[in-house]
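*Asks:* One structure is given below, represented as structure tokens, and several questions about it will come after.
The values are calculated or read from the model by the stated rules, or taken from the named source; none is laboratory data. What you are looking at is a predicted structure, and each value in this text was computed from that prediction instead of being measured. Note that we place each Cβ from the backbone using ideal geometry, even for glycine, and neighbour counts take in every protein chain shown. Note: accessible area is taken over every heavy atom of the protein model, side chains too, but ligands, DNA and RNA are not part of it. Shrake-Rupley method; radii C 1.70, N 1.55, O 1.52, S 1.80 Å.
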Amino acid sequence: KPPARMEARTHLQLGSVLYHHTRNGDQARGHLEKAIPQFEDVKFEAASLLSELYCQENSVDTAKPLLRKAIQISQQTPYWHCRLLFQLAQLHTLEKDLVSACDLLGVGAEYARVVGSEYTRPLTFSFHLQLLLMERKLQEVHPLLTLCGQIVENWQGNPIQKESLRVFFLVLQVTHYLDAGQVKSVKPCLKQLQQCIQTISTLHDDEILPSNPADLFHWLPKEHMCVLVYLVTVMHSMQAGYLEKAQKYTDKALMQLEKLKMLDCSPILSSFQVILLEHIIMCRLVTGHKATALQEISQVCQLCQQSPRLFSNHAAQLHTLLGLYCISVNCMDNAEAQFTTALRLTTHQELWAFIVTNLASVYIREGNRHQELYSLLERINPDHNFPVSSHCLRAAAFYIRGLFSFFQGRYNEAKRFLRETLKMSNAEDLNRLTACSLVLLGHIFYVLGNHRESNNMVVPAMQLASKIPDMSVQLWSSALLRDLNKACGNAMDAHEAAQMHQNFSQQLLQDHIEACSLPEHNLITWTDGPPPVQFQAQNGPTTSLASLL
């Protein structure tokens, strides 16, 4: 019989091999349970692995007390104490119990201070910030952002750890701005983040390990950080209306993801891929590439089929994207069904406001849904108790009000709302909202017979729409320019605008026919349960990446 310490370590190693490399959960559990009552260097690792195993078997309630007990008795072992705190906090986060997770991180930050860990304390603050942002506790976010920023900047330690902390902190800052729809205000932070990731990629990993065992953590591998920075850059470009830039960074990120996924099956990579696709799908719908957008929606469905957790986190977004696609191909009944499904599935306030705004646009187009429309508009009233703090969504709510007033022939009221949108979108460089407001104002002035003022609106709308490029606004602007020039007797300009209008119409029509003839088009009828399998096309590439390669 081997000595007790060797026996415990052997049980731990057998349990670990069985857990990581086989499906023999019962045997792994048996070995790990035998390792737990033993020596310190074994029991904490065994408790950590065993709780992971319990979670995999959906026995979360068994995992929690095990971790709590291990946390209680590990205070003299800084590395394991911090790691077990992080693990239990993550478990609470997955269960959406963010209050308990925040409490644990508070304990972790204080413990890191006591054991003199200058690195793990700001790391813990950053995790705490992340949870506060998820909970939308903005009053608590701002003081912690300031404190965390100061600690990170003043810390003089291992360069890789310092830059890695800065990336984490800046990613949180950038996403906080983007959540608030502040596309212009975020630019300095985003620039810092992009410089920071370049610095990290030049540093070598083989630096000396930290002497304090409580400092032995990385929040994310370097390669994953690069993808994440591409991802927030895509989010910014999409919101700001720089759609070609969004496309360029999406291609780079997807290529990097393909390489990483060959060697790494970390679930966060699939999350990154889904979020990238969600953004590029919206870009494609704006630039008039509906068929590609639809194939990418199908790709998101495939990724969600492989992971129930990914699907539960992204089901509402998936139905929202299908709703936007339905609007683009003029299937308004399906759009309504998709948005209604998405509203049922989401608890996220910003997404809820985004869906309601788009559903209102569907009701406006249908023209006979006044009761439902009034009730929706009341819930997103930009003048009074707007439900979210997003600058961008509030500007969009003013635009929807303006659109509705325009359709009702209340032109002065429409102008007031649209000027409000313009003021807000100019303040934060929201190019698409600016282009949409300008062309609608141009249309109002045209209807009122004020051709000069109409022209002053439509020409910059056309220029901005070409820069984005926004196919629908280009179509609308070219039709207005044709009619304006005809009314003013400018035959040459009218002919040129008519030609442009004809070209845009042809492109959109071709794309429309192509999209509607794809087997994936049947996805527009799916409103319940997991994504259907039978609609996946079996032939040809379904990603922007495949066409690149």
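*Asks:* So which residues in segment 197-211 are hydrophobic (A, V, I, L, M, F, W, C) and either exposed (fewer than 14 other Cβ atoms within 10 Å of the Cβ) or part of a loop (DSSP other than H, G, I, E, B) (or both)?
*Replies:* Leu203, Ile208, Leu209
*Asks:* Restricted to segment 304-318, and to residues that are in a helix (DSSP H, G or I) and polar (S, T, N, Q), which residue is least open to solvent (accessible area, probe 1.4 Å)? So that I can check it myself, show each step before the final result.
*Replies:* At the first step, the residues of segment 304-318 found to be in a helix (DSSP H, G or I) are 304-305, 308-318.
From what is left, the residues that are polar (S, T, N, Q) are 305, 312-313, 317.
Details: Gln305: 75, Ser312: 83, Asn313: 70, Gln317: 48 Å².
The extreme case among them is Gln317.
*Asks:* Picking from Arg344, Arg419, which residue would you name as being exposed (fewer than 15 other Cβ atoms within 10 Å of the Cβ), of a type in the set (Lys, Arg), over 26 Å from Leu518 (Cα atoms) and over 27 Å from the mean Cα position of the chain (by Cα)?
*Replies:* Values: Arg344 fails: over 27 Å from the mean Cα position of the chain (by Cα).
Just a single option satisfies the conditions, and that option is Arg419.
*Asks:* Determine whether Val183 is touching a residue at least 40 places away in the same chain (Cβ under 8 Å), part of a loop (DSSP other than H, G, I, E, B) and hydrophobic (A, V, I, L, M, F, W, C). Even if it seems obvious, please write down each step before you answer.
*Replies:* Values: touching a residue at least 40 places away in the same chain (Cβ under 8 Å): yes; part of a loop (DSSP other than H, G, I, E, B): yes; hydrophobic (A, V, I, L, M, F, W, C): yes.
In short, yes.
*Asks:* Let me ask something additional. What number goes with the only condition from (1) at pLDDT below 90; (2) surrounded by 21 or more Cβ atoms within 10 Å (Cβ to Cβ); (3) of a type in the set (A, V, I, L, M) that Val60 does not pass?
*Replies:* Tallying (1) at pLDDT below 90; (2) surrounded by 21 or more Cβ atoms within 10 Å (Cβ to Cβ); (3) of a type in the set (A, V, I, L, M), Val60 fails exactly one: (2).
*Asks:* Just checking, does segment 227-250 include any residue being part of a helix (DSSP H, G or I), over 29 Å from Glu428 (Cβ atoms) and at pLDDT below 95?
*Replies:* Within segment 227-250, not a single residue is part of a helix (DSSP H, G or I), over 29 Å from Glu428 (Cβ atoms) and at pLDDT below 95.
*Asks:* With the checklist (1) without any contact (Cβ under 8 Å) to a residue 40 or more places away in the chain; (2) acidic (Asp, Glu); (3) open to solvent by 60 Å² or more (accessible area, probe 1.4 Å) in hand, flag the one item Asp483 doesn't pass.
*Replies:* Looking at each condition in turn, Asp483 falls short on (3).
*Asks:* Within the group Cys82, Cys102, which residue is open to solvent by less than 40 Å² (accessible area, probe 1.4 Å), under 24 Å from Pro213 (Cβ atoms) and in a helix (DSSP H, G or I)?
*Replies:* Unique residue meeting the criteria: Cys82.
*Asks:* Answer with yes or no whether Asp429 is modelled with pLDDT under 95, open to solvent by 30 Å² or more (accessible area, probe 1.4 Å), of a type outside the set (Gly, Ala, Ser) and over 38 Å from the mean Cα position of the chain (by Cα).
*Replies:* It is false that Asp429 is modelled with pLDDT under 95, open to solvent by 30 Å² or more (accessible area, probe 1.4 Å), of a type outside the set (Gly, Ala, Ser) and over 38 Å from the mean Cα position of the chain (by Cα).
*Asks:* Okay, next question. Would you say Val356 is closer than 24 Å to Lys137 by Cβ, assigned to a loop (DSSP other than H, G, I, E, B) and open to solvent by less than 60 Å² (accessible area, probe 1.4 Å)?
*Replies:* Considered against the rule, which asks whether it is closer than 24 Å to Lys137 by Cβ, assigned to a loop (DSSP other than H, G, I, E, B) and open to solvent by less than 60 Å² (accessible area, probe 1.4 Å), Val356 comes out as no.
*Asks:* Would it be correct to say that Arg369 is surrounded by fewer than 20 Cβ atoms within 10 Å (Cβ to Cβ), at pLDDT below 90 and of a type in the set (Lys, Arg)?
*Replies:* yes
*Asks:* Within segment 447-473, which residues are touching a residue at least 24 places away in the same chain (Cβ under 8 Å) and open to solvent by 20 Å² or more (accessible area, probe 1.4 Å)?
*Replies:* In the first step, residues of segment 447-473 are kept if they are touching a residue at least 24 places away in the same chain (Cβ under 8 Å); the result is 447-448, 451, 454-455, 458, 461, 464-465, 467-473.
Once the filter is applied, which keeps residues that are touching a residue at least 24 places away in the same chain (Cβ under 8 Å) and open to solvent by 20 Å² or more (accessible area, probe 1.4 Å), segment 447-473 yields Val447, Leu448, His451, Asn455, Leu464, Lys467, Pro469, Ser472.
*Asks:* Any residue at all in segment 273-291 that's of a type in the set (A, V, I, L, M, F, W, C), over 30 Å from Asp429 (Cα atoms) and either assigned to a helix (DSSP H, G or I) or open to solvent by 10 Å² or more (accessible area, probe 1.4 Å) (or both)?
*Replies:* No, every residue in segment 273-291 fails to be of a type in the set (A, V, I, L, M, F, W, C), over 30 Å from Asp429 (Cα atoms) and either assigned to a helix (DSSP H, G or I) or open to solvent by 10 Å² or more (accessible area, probe 1.4 Å) (or both).
*Asks:* Show the residue pairs that are 6+ apart or on different chains and have beta-carbon atoms under 8 Å apart, the first residue being within segment 413-440 and more than 13 Å from Arg401 (Cα to Cα) and among the polar types (S, T, N, Q), the second being open to solvent by 50 Å² or more (accessible area, probe 1.4 Å) and outside any helix (DSSP H, G or I).
*Replies:* Pairs that qualify, where the first residue is more than 13 Å from Arg401 (Cα to Cα) and among the polar types (S, T, N, Q) and the partner is open to solvent by 50 Å² or more (accessible area, probe 1.4 Å) and outside any helix (DSSP H, G or I), are Asn431/Tyr242.
*Asks:* Here is a further query. Any residue that is open to solvent by 10 Å² or more (accessible area, probe 1.4 Å), modelled with pLDDT of 95 or more and not in a helix (DSSP H, G or I) - is there at least one of those in segment 262-271?
*Replies:* No: segment 262-271 contains no residue that is open to solvent by 10 Å² or more (accessible area, probe 1.4 Å), modelled with pLDDT of 95 or more and not in a helix (DSSP H, G or I).
*Asks:* Which numbered condition trips up Gln130, out of (1) of a type outside the set (A, V, I, L, M); (2) closer than 30 Å to Val42 by Cα; (3) touching a helix residue (DSSP H, G or I) at 6+ places or on another chain (Cβ under 8 Å)?
*Replies:* (2)
*Asks:* Hey, another quick one. Which condition does Asn368 not pass, out of (1) part of a helix (DSSP H, G or I); (2) farther than 20 Å from Gly181 by Cα; (3) out of contact with any Phe, Trp or Tyr (no Cβ under 7 Å at 6 or more places or on another chain), if it passes all the others?
*Replies:* Answer for Asn368: the failing condition is (1).
*Asks:* Would you mind stating whether Ala214 is of a type in the set (A, V, I, L, M, F, W, C), out of contact with any Leu (no Cβ under 9 Å at 6 or more places or on another chain), over 29 Å from Val183 (Cβ atoms) and open to solvent by less than 60 Å² (accessible area, probe 1.4 Å)? So that I can check it myself, show each step before the final result.
*Replies:* Details: of a type in the set (A, V, I, L, M, F, W, C): yes; out of contact with any Leu (no Cβ under 9 Å at 6 or more places or on another chain): yes; over 29 Å from Val183 (Cβ atoms): yes; open to solvent by less than 60 Å² (accessible area, probe 1.4 Å): yes.
Spelling it out, Ala214 is indeed of a type in the set (A, V, I, L, M, F, W, C), out of contact with any Leu (no Cβ under 9 Å at 6 or more places or on another chain), over 29 Å from Val183 (Cβ atoms) and open to solvent by less than 60 Å² (accessible area, probe 1.4 Å).
Yes or no, residue by residue, for (1) without any contact (Cβ under 8 Å) to a residue 60 or more places away in the chain; (2) assigned to a helix (DSSP H, G or I); (3) surrounded by fewer than 23 Cβ atoms within 10 Å (Cβ to Cβ):
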position	(1), (2), (3)
Gly149	yes, yes, yes
Glu153	yes, yes, yes
Ser164	no, yes, no
Val171	no, yes, no
Thr175	no, yes, yes
Pro188	yes, yes, yes
Gln192	yes, yes, yes
Gln195	yes, yes, yes
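*Asks:* If Ile73 meets every condition in (1) out of contact with any Lys or Arg (no Cβ under 6 Å at 6 or more places or on another chain); (2) open to solvent by 30 Å² or more (accessible area, probe 1.4 Å); (3) closer than 19 Å to Leu145 by Cβ apart from one, which number is that one?
*Replies:* Failed condition: (3).
*Asks:* I'd like the full set of residues that are more than 17 Å from Ser74 (Cβ to Cβ) and of a type outside the set (Lys, Arg), limited to segment 88-108.
*Replies:* Initially, segment 88-108 is screened for residues more than 17 Å from Ser74 (Cβ to Cβ), giving 92-103, 106.
Of everything in segment 88-108, those that are more than 17 Å from Ser74 (Cβ to Cβ) and of a type outside the set (Lys, Arg) turn out to be His92, Thr93, Leu94, Glu95, Asp97, Leu98, Val99, Ser100, Ala101, Cys102, Asp103, Gly106.
*Asks:* For segment 330-341, name all the residues that are buried (at least 19 other Cβ atoms within 10 Å of the Cβ) and farther than 10 Å from Ile524 by Cα.
*Replies:* Correct list: Glu336, Phe339, Thr341.
*Asks:* Moving on to the next point. So which residues in segment 1-44 are open to solvent by 30 Å² or more (accessible area, probe 1.4 Å) and aliphatic (A, V, I, L, M)?
*Replies:* Of everything in segment 1-44, those that are open to solvent by 30 Å² or more (accessible area, probe 1.4 Å) and aliphatic (A, V, I, L, M) turn out to be Ala4, Met6, Leu14, Val17, Ile36.
*Asks:* For Glu223, indicate whether it is acidic (Asp, Glu), in contact with a helix residue (DSSP H, G or I) (Cβ under 9 Å, 6 or more places away or on another chain) and closer than 27 Å to Phe169 by Cα.
*Replies:* When the stated conditions are applied, Glu223 passes them.
*Asks:* So which residues in segment 87-105 are over 23 Å from the mean Cα position of the chain (by Cα) and under 21 Å from Leu170 (Cα atoms), if there are any at all?
*Replies:* Leu105
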